[in-house]
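Contents: one structure, followed by commentary.
Every read-out reported here was derived from the displayed coordinates using simple, explicitly stated rules and does not represent laboratory data. Please read all numbers here as calculations on a predicted model, not as lab measurements. Glycine also receives a Cβ, built like all others from the backbone with ideal geometry; neighbour counts cover every protein chain displayed.
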Amino acid sequence: MFTGIIKDVGTLARISKKQTTEILTIKTKLLQQGEYHLGDSIAINGTCLTITAVTNNTFSVDVMPETYKRTNLGLLKANDLINLEPALAASARLDGHFVLGHVDTTTKIVSRRVDQNAIILTFATPPTYRKYLVEKGSVALDGVSLTLVSAGPKTFSVSLIPFTLAHTILEDKKVGAIVNVETDILGKYIEQLAQGSVVA
């Protein structure tokens with residue numbers, strides 16, 4: 001479980017790719033700030049992955065075919081910057097919103113504009129997930145918990161404050177960039193309950 005509050009922007013130190021699997025090795029200051037062990041969960045650009053190797057300043061994760069196909073991780077290159085969030089501790093403060101790290105799909109930035117002290121990013125709406133994207137609702141984009149300022153049949157938008165821009169990789173995202181999308185899990189559960197498709 002995550003909250004969409006990014007704790008560090010790491011650097012992709014090494015990538016080992018084979019067809020639709022890969023091993024990512026990431027350099028991050030988080031390893032000096034706390035204990036991280038083999039088997040721990042960590043969100044990489046909003047994708048929940050398992051730590052499989054740890055050194056003094058890097059950790060590695062395996063990316064399986066399903067994750068490779070659903071996310072933008074297959075587009076990463078050495079030295080790319082990456083949003084990182086360790087799994088939420090039970091005693092931790094819950095900021096952001098409930099993020100599972102189970103990316104639904106990817107989408108493309110279609111426009112970027114300045115709105116006084118904020119940046120408005122507009123994305124193409126993935127048709128399958130349109131019903132889960134609602135104005136003033138929550139969405140995780142590359143792992144960042146954000147509030148939708150508009151949601152339509154073809155596009156949706158979010159507004160980024162200076163702090164978010166300074167502490168995530170979204171500051172450098174240009175028009176055409178591909179980002180991971182995780183819609184709010186609460187909407188999916190409500191939908192299934194309303195349809196009577198959840199077995200008690």
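Could you give the length gained by full extension between Thr147 and Met64, i.e. 0.36 nm per residue of separation minus their alpha carbon distance, to one decimal place?
Working: separation 83, 0.36 × 83 = 29.88 nm, distance 2.97 nm.
Gain on extension, Thr147 to Met64, equals 26.9 nm.
Short-range pairs are left out: with C-alpha atoms under 8 Å and at least six residues apart, the relative contact order of the chain is 24 percent.
What ranking of His102, His37, His167 emerges when the number of other C-beta atoms within 10 Å of each C-beta is taken as an exposure proxy, fewest first?
Numbers: His102 13, His37 8, His167 16.
Exposure proxy ranking, most exposed first: His37, His102, His167.
Along its principal axes, region 78-133 has C-alpha extents of 38, 31, 31 angstrom, given from the largest down.
Among Leu76, Leu160, Thr28, whose Cα lies farthest out toward the positive end of the dipole of the chain, if unit charges sit on the beta carbon of Lys, Arg (+1) and Asp, Glu (-1)? The Cα lying farthest towards the positive end belongs to Leu76. Just checking the listed ones, Gly34, Gly187, Gly152: in the Gaussian network model of the chain with Cα springs under 10 Å, the one fluctuating most is Gly34. Mean silhouette area of the chain, derived from the convex hull of its C-alpha atoms and averaged over all directions, reads 12.3 nm².
Find the all-direction average of the projected area of the Cα convex hull for region 105-193, expressing the result in square nanometres with one decimal place. Working shown, then result.
Working: hull surface 21.5 nm².
Mean projected area for region 105-193: 5.4 nm², to one decimal.
Other residues with beta-carbon under 9 Å from the beta-carbon of Leu84 carry, at +1 per Lys or Arg and -1 per Asp or Glu, a net charge of -1. Each principal axis of the Cα cloud of region 122-161 was evaluated for its coordinate range; sorted largest first, these ranges are 26, 17, 15 Å. Spin-label model, Ala90 to Arg112: label points 7 Å out along the Cα-to-beta-carbon direction sit 4.2 nm apart.
Charge tally for Ala177 (other residues, Cβ to Cβ under 11 Å; Lys, Arg +1; Asp, Glu -1): +2.
Using the 10 angstrom Cβ neighbour count as an exposure proxy, how do Tyr129, Tyr189, Tyr36 rank, fewest first? Could you put the intermediate results ahead of the total?
Details: Tyr129 18, Tyr189 11, Tyr36 15.
In increasing order of surrounding Cβ atoms, one gets Tyr189, Tyr36, Tyr129.
In the chain, the longest principal axis of the Cα atoms and the axis of helix 185-195 are about 50 degrees apart.
Considering only Ile190, Ile44, Ile161, the Gaussian network model of the chain with Cα springs below 10 Å gives its largest mean-square fluctuation to Ile190. Amide H contacts for Thr168 (H built 1.01 Å from N in the peptide plane; partners 5 or more residues away or on another chain; cut-off under 5 Å): none found. Could you tell me whether region 8-121 comes out rounded, prolate or oblate from its Cα gyration tensor? Rule is a ≥ b ≥ c as square roots of the eigenvalues, rounded for a/c under 1.5, then prolate if a/b exceeds b/c, otherwise oblate. Taking the square roots of the gyration eigenvalues as a ≥ b ≥ c, region 8-121 is oblate. With q set to 0.32 Å⁻¹, the log10 of I(q)/I(0) for region 139-185, from the Debye formula over equal scatterers at the Cα positions, is -1.45.
Shape summary of region 1-59, radius of gyration then Dmax from alpha carbon positions: 11.5, 35 Å.
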